[in-house]
Amino acid sequence: MGKIKVAVLVGSDSDLAMAQETVKVLEELGIEHTLNVASAHRTPEKVKKIVKDSEANGAEVFIAGAGMSAALPGVVAAETIKPVIGIPFEGKAFGGLDALLSVIQMPPGIPVGSVAVGKAGALNAAIYAALILAVKHPEIRKKVEVYRKKLSASVEQKDKKLQDIGIKKYIEENRR
Ligand code: RP5
């Protein structure tokens, strides 16, 4: 395994569709990373090993996503003193509130930084990891700046289109 900056873990293969949002952004920002499926409840020893191996491979930030009782981010945080970003995934009940509470309600001394539930959170976890890394790595800071500029440009473009064609046509076109 080559050197990495971010280790991403998810609790189940059923989380991979969401984890893809994280991976896409890490790739876009050129951040070396790994992605593993490892469960805090079903494979606790594997989680520990991944954290240790990832640290040995240079990981500076961990991203851990899980649904339901979502212990994974907290367990990763217990095994490392690197920052851990937790992504609460939506399960079949409670719209992800169960996972959100598990991720944010960490006991004093062992924090996990939680992002939003689901797809937006999965994307933001990668951005947030990049912001942490950008403090030390100027090349990542530059990539984040470019990302931000593209984001602003896309909003400007949307507003321009709205002014050009009006709300009715805009909504019709976006439906297709
Ligand atoms: C959690 O339980 C996983 O992160 C997943 O979101 C949820 C359900 O897991 P599966 O039964 O789909 O494997 O640990």
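FYI, it's all coordinate maths here, none of it is from the lab. If you're wondering where the values come from, they're calculated on a predicted model, not measured in any experiment. Ideal geometry is used to build each Cβ from the backbone, glycine not excepted, and the neighbour counts take in all protein chains shown.
Inside region 112-127, can you point out the residues that are in a helix (DSSP H, G or I) and over 11 Å from residue 85 (Cβ atoms)? Listed by number, the residues that qualify are 119, 120, 123.
If you go through region 147-168 one residue at a time, do you hit one that is touching a Leu at 6+ places or on another chain (Cβ under 9 Å) and closer than 23 Å to residue 18 by Cβ? Lay out the reasoning, then the answer.
The first filter runs over region 147-168 and keeps only residues touching a Leu at 6+ places or on another chain (Cβ under 9 Å), leaving 147.
Going one step further and asking which of them are closer than 23 Å to residue 18 by Cβ, we end up with 147.
So far as region 147-168 goes, yes, one or more of its residues are touching a Leu at 6+ places or on another chain (Cβ under 9 Å) and closer than 23 Å to residue 18 by Cβ.
Of all residues in region 20-79, count the ones that are at positive phi and of a type in the set (Gly, Ala, Ser). It would help to see each step written out before you state the result.
First, pick out the residues of region 20-79 that are at positive phi: 30, 58, 68, 70.
Pick out the ones that are also of a type in the set (Gly, Ala, Ser) and you get 30, 58, 70.
Residues that pass the stated criteria total 3.
Rundown of residues vs (1) more than 21 Å from residue 109 (Cβ to Cβ); (2) within 13 Å of the ligand (Cβ to nearest atom); (3) surrounded by fewer than 22 Cβ atoms within 10 Å (Cβ to Cβ), yes/no style:
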{"site": "2", "(1), (2), (3)": "yes, no, yes"}
{"site": "16", "(1), (2), (3)": "yes, yes, yes"}
{"site": "49", "(1), (2), (3)": "yes, no, yes"}
{"site": "70", "(1), (2), (3)": "no, yes, no"}
{"site": "89", "(1), (2), (3)": "yes, yes, no"}
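Scan region 78-87 residue by residue and report those that are crowded, with 24+ Cβ neighbours inside 10 Å and under 22 Å from residue 136 (Cα atoms). 84, 85, 86, listed by residue number. When you look at residue 34, is it hydroxyl-bearing (Ser, Thr, Tyr) and in contact (Cβ under 8 Å) with a residue 24 or more places away in the chain, yes or no? Judged against the criteria, residue 34 is a match.
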